[in-house]
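Engineer: Just passing along the structure, written as structure tokens.
The values are calculated or read from the model by the stated rules, or taken from the named source; none is laboratory data. Not measured: the values here are computed from a predicted model. Note that we place each Cβ from the backbone using ideal geometry, even for glycine, and neighbour counts take in every protein chain shown. Side chains are part of the model used for accessible areas, which takes the heavy atoms of the whole protein and leaves out ligands, DNA and RNA. Shrake-Rupley method; radii C 1.70, N 1.55, O 1.52, S 1.80 Å.
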Amino acid sequence: MKFDKRQILKNVGSSWFSLGINVVVGIFLSPYILHRLGDEAFGLWILIFSVTGYYGLFDLGIRSSIVRYVAKYSATGDDEELNRLVNTAMFSYGGIGLVAMLITLAGTYFVNAIFRIPPEFVVTARWLLFMVGASVSLGFPLGVFSGVLEGLQRFYLLNFTNITSTLLRALLIVLALQRGGGLLSVALITVSFPLLSGLANAIVVFRNTHLHLGIRYVRRSSLRRIASYSGTTFLIIVAGRLRFKTDALVIGTFISAAAVTYFTIGSRLVDYASEVVTSLAQIFVPMSSQSHAKGDVTALRKIFVGGNRACAFIIFPITAVLTLLGKSVIAAWVGPKYVATSYPVLLVLLYPTTLMLAQSASGRTLWGMAKHRTWAWVVLAEGIANLILSVILVRPYGILGDAIGTAIPLTCSMIFFLPQHLCHLLGIKIRTYLYQAFALPLLLCAPLIAALLLMQRWFVPRRLSELLLQLAIAGLVYGIGLAWAFWTHRALDVGALGGNQRNEGMLAMVDVYQEKA
């Protein structure tokens, strides 16, 4: 199967441009909001958004089903099943949104009993939870259309909407704060734009597909198909919340809302790095789904190995930069007083996250093939271990203990399970995979690290201009190496990946059995 390189470049390029806008806005907007609102209000902001982030569990994996089956039906040209899928998903999301709204109303009443919130912020916390929860509830049915666009691999259309929304949101937040607006004003602006983006995505979908809405398209067979796939994905969603969304809750419960701010500064930089890789990796789900629908195991191997190599090209240099310049980045971003506490959190979270992000194509390949059940149970166990360790370690070691509780299980699953599982499934030798995917990215990082260490001996950047100078030099050094890799075709050539007919035959037999079941 040949991939449309132009479409891949449009999707990835627009995703990175959209991410760049988000990162730039976040870098300048976050400290602006922090210093305008103060540590307590900003910590409350993070805490409430972390709580409502758990509403994502109500997705039940339905969105992943939309992406997977839209990609499949578009590859086979089955418009009838596509209409049934989308309408059934919207009907399901409507009920989920209603349940989420009822939980929001209950939560606004008990918010002070759950968290340690200063008395002067109790009313604000209730209104904040109501606004964010209502927005998320309404966003469930609207989210169907962004899933459709992902399944169609029209990421560039999604990204255009996101860029417009991000810039307008940032502008209105700055104006609101300059005119004396507080936390609730910022929240109202923030939660409104995802709903507007959802409506814009709906218009784009109807103009680019033969999609029709109507209760007659809702089918039990489509619901069973969605449930069969999404049930496994739901376990991964639960695990994802336990892995990465419990930190603010643990810290807010056992320490204080202000401590959440210090943790978030370190973890937010890791999140930005994650978003860069995720913007690339999201294209691998529909790609692998279409390859799997056509029975092209060779294409799946290339997505797995070549996709992880592409992810490593991105995350390895970012990890090197944050390791050597992390203190300067934090000082220039939010102020020197946060460096001593937030930098250790950054380092503890950075390295296991790098192991995960360098293998971002692995999980996406599993989802596209609908073979993610075993991985779901592994990451669920990891998430439970994460929560238990974080609760145990946060008491004696504070926010650093919480970070360690996240790092240990993540490192174990990324080293001891995921590579072996994918290599076995696709019939690739583990040694071949590790060499093909990661040798060249590691090699290209060596000159970058040397340049950073050399510049560190000359001067440690203490001002934004000095930091930007070192980043520019480091980027130039790495860019030259990356350009050489592409010019000589080493960046894209994954070489011989092995595999055998017995493995491919077994894979096909399992697929046939699952389809009949």
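Engineer: Scan the stretch 173-183 and give yes if some residue there is open to solvent by 20 Å² or more (accessible area, probe 1.4 Å), outside any helix (DSSP H, G or I), touching a residue at least 60 places away in the same chain (Cβ under 8 Å) and among the β-branched types (Val, Ile, Thr), otherwise no.
Structural biologist: Within the stretch 173-183 (the criterion being open to solvent by 20 Å² or more (accessible area, probe 1.4 Å), outside any helix (DSSP H, G or I), touching a residue at least 60 places away in the same chain (Cβ under 8 Å) and among the β-branched types (Val, Ile, Thr)), the answer is no, since none of the residues qualifies.
Engineer: Out of Ala312, Ala320, Ala340, report the one residue that is under 27 Å from Leu366 (Cβ atoms) and assigned to a helix (DSSP H, G or I).
Structural biologist: On the way: Ala320 fails: under 27 Å from Leu366 (Cβ atoms); Ala340 fails: under 27 Å from Leu366 (Cβ atoms).
None of the other options fit; the residue is Ala312.
Engineer: Assess whether Met455 counts as being exposed (fewer than 15 other Cβ atoms within 10 Å of the Cβ), at pLDDT below 90, over 27 Å from the mean Cα position of the chain (by Cα) and among the hydrophobic types (A, V, I, L, M, F, W, C). Working first, answer last.
Structural biologist: On the way: exposed (fewer than 15 other Cβ atoms within 10 Å of the Cβ): no; at pLDDT below 90: yes; over 27 Å from the mean Cα position of the chain (by Cα): yes; among the hydrophobic types (A, V, I, L, M, F, W, C): yes.
For Met455, the condition - exposed (fewer than 15 other Cβ atoms within 10 Å of the Cβ), at pLDDT below 90, over 27 Å from the mean Cα position of the chain (by Cα) and among the hydrophobic types (A, V, I, L, M, F, W, C) - is not met.
Engineer: Looking at the stretch 403-450, which of its residues are part of a helix (DSSP H, G or I) and among the small types (Gly, Ala, Ser)? It would help to see each step written out before you state the result.
Structural biologist: From the stretch 403-450, those part of a helix (DSSP H, G or I) are 403-416, 418-426, 430-450; that's our starting set.
Ala403, Gly405, Ala407, Ser413, Ala437, Ala439, Ala446, Ala450, listed by residue number.
Engineer: For the stretch 184-214, enumerate the residues that are of a type in the set (A, V, I, L, M, F, W, C), outside any helix (DSSP H, G or I) and open to solvent by 40 Å² or more (accessible area, probe 1.4 Å). Steps first, answer last, please.
Structural biologist: First pass over the stretch 184-214, keeping only residues of a type in the set (A, V, I, L, M, F, W, C): 184, 186-189, 191, 193, 195-196, 199-200, 202-206, 211, 213.
Keeping just the survivors that are outside any helix (DSSP H, G or I) gives 211, 213.
The answer is Leu213, and nothing else.
Condition check ((1) in contact with a strand residue (DSSP E or B) (Cβ under 6 Å, 6 or more places away or on another chain); (2) in a helix (DSSP H, G or I); (3) within 21 Å of Leu85 (Cα to Cα); (4) open to solvent by 10 Å² or more (accessible area, probe 1.4 Å)) across all residues:
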residue	(1), (2), (3), (4)
Gly133	no, yes, no, no
Val136	no, yes, no, yes
Pro141	no, yes, yes, yes
Thr161	no, yes, no, yes
Thr166	no, yes, no, no
Arg216	no, yes, yes, yes
Arg225	no, yes, yes, yes
Leu249	no, yes, no, yes
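Engineer: Out of curiosity, is Phe91 closer than 30 Å to Phe206 by Cα, aromatic (Phe, Trp, Tyr) and assigned to a helix (DSSP H, G or I)? Break it down into steps so the answer makes sense when it comes.
Structural biologist: Details: closer than 30 Å to Phe206 by Cα: yes; aromatic (Phe, Trp, Tyr): yes; assigned to a helix (DSSP H, G or I): yes.
Judged against the criteria, Phe91 is a match.
Engineer: If you go through the stretch 191-210, how many residues are in contact with a Phe, Trp or Tyr (Cβ under 9 Å, 6 or more places away or on another chain), in contact (Cβ under 8 Å) with a residue 40 or more places away in the chain and not aliphatic (A, V, I, L, M)?
Structural biologist: Of the residues in that region, 2 qualify.
Engineer: Please work out if Leu349 is in contact with a Phe, Trp or Tyr (Cβ under 9 Å, 6 or more places away or on another chain) and buried (at least 23 other Cβ atoms within 10 Å of the Cβ).
Structural biologist: Values: in contact with a Phe, Trp or Tyr (Cβ under 9 Å, 6 or more places away or on another chain): no; buried (at least 23 other Cβ atoms within 10 Å of the Cβ): yes.
In short, no.
Engineer: Oh, and also: Any idea how many residues of the stretch 255-280 are under 11 Å from Thr341 (Cβ atoms) and not in a helix (DSSP H, G or I)?
Structural biologist: 0
Engineer: So which of Lys337, Lys294 ends up being surrounded by fewer than 20 Cβ atoms within 10 Å (Cβ to Cβ), without any contact (Cβ under 8 Å) to a residue 24 or more places away in the chain, more than 23 Å from the chain's Cα centre (by Cα) and more than 19 Å from Arg490 (Cα to Cα)? Outline the logic, then answer.
Structural biologist: Working: Lys294 fails: without any contact (Cβ under 8 Å) to a residue 24 or more places away in the chain.
Within the list Lys337, Lys294, the selection yields Lys337.
Engineer: Sticking with this structure for a sec: Can you name the residue in the stretch 352-392 that is among the basic types (Lys, Arg) and in a helix (DSSP H, G or I) and is also surrounded by the most Cβ atoms within 10 Å (Cβ to Cβ) among such residues?
Structural biologist: So the first thing to find is which residues in the stretch 352-392 are among the basic types (Lys, Arg), and the list is 364, 371, 373.
From the residues that got through so far, the ones that are in a helix (DSSP H, G or I) too are 364, 373.
Working: Arg364: 26, Arg373: 14.
Across the stretch 352-392, the extreme among qualifying residues is Arg364.
Engineer: Separate question: As an exercise: evaluate Met287 against (1) buried (at least 20 other Cβ atoms within 10 Å of the Cβ); (2) farther than 23 Å from Lys429 by Cα; (3) of a type in the set (A, V, I, L, M) and give the number of the one condition it does not meet.
Structural biologist: (2)
Results for (1) open to solvent by 20 Å² or more (accessible area, probe 1.4 Å); (2) modelled with pLDDT under 75; (3) more than 21 Å from the chain's Cα centre (by Cα), shown as yes or no for each residue.
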| site | (1), (2), (3) |
| --- | --- |
| Arg6 | yes, yes, yes |
| Gly43 | no, yes, yes |
| Glu80 | yes, no, yes |
| Thr88 | no, no, yes |
| Leu102 | yes, no, yes |
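Engineer: Is it fair to say Ile27 is at pLDDT below 75 and either more than 18 Å from the chain's Cα centre (by Cα) or among the aromatic types (Phe, Trp, Tyr) (or both)?
Structural biologist: On the way: at pLDDT below 75: yes; either more than 18 Å from the chain's Cα centre (by Cα) or among the aromatic types (Phe, Trp, Tyr) (or both): no.
Here the answer is no, as Ile27 does not meet what is asked.
Engineer: I've got another one for you. Return yes when Phe254 is aromatic (Phe, Trp, Tyr), touching a residue at least 24 places away in the same chain (Cβ under 8 Å) and either in contact with a Phe, Trp or Tyr (Cβ under 8 Å, 6 or more places away or on another chain) or open to solvent by 20 Å² or more (accessible area, probe 1.4 Å) (or both) and no when it is not. Walk me through how you get there before you give the answer.
Structural biologist: Values: aromatic (Phe, Trp, Tyr): yes; touching a residue at least 24 places away in the same chain (Cβ under 8 Å): yes; either in contact with a Phe, Trp or Tyr (Cβ under 8 Å, 6 or more places away or on another chain) or open to solvent by 20 Å² or more (accessible area, probe 1.4 Å) (or both): yes.
Spelling it out, Phe254 is indeed aromatic (Phe, Trp, Tyr), touching a residue at least 24 places away in the same chain (Cβ under 8 Å) and either in contact with a Phe, Trp or Tyr (Cβ under 8 Å, 6 or more places away or on another chain) or open to solvent by 20 Å² or more (accessible area, probe 1.4 Å) (or both).
Engineer: Hey, another quick one. Leu400: open to solvent by less than 30 Å² (accessible area, probe 1.4 Å) and in a helix (DSSP H, G or I), yes or no? Spell out the reasoning first.
Structural biologist: Numbers: open to solvent by less than 30 Å² (accessible area, probe 1.4 Å): no; in a helix (DSSP H, G or I): yes.
Considered against the rule, which asks whether it is open to solvent by less than 30 Å² (accessible area, probe 1.4 Å) and in a helix (DSSP H, G or I), Leu400 comes out as no.
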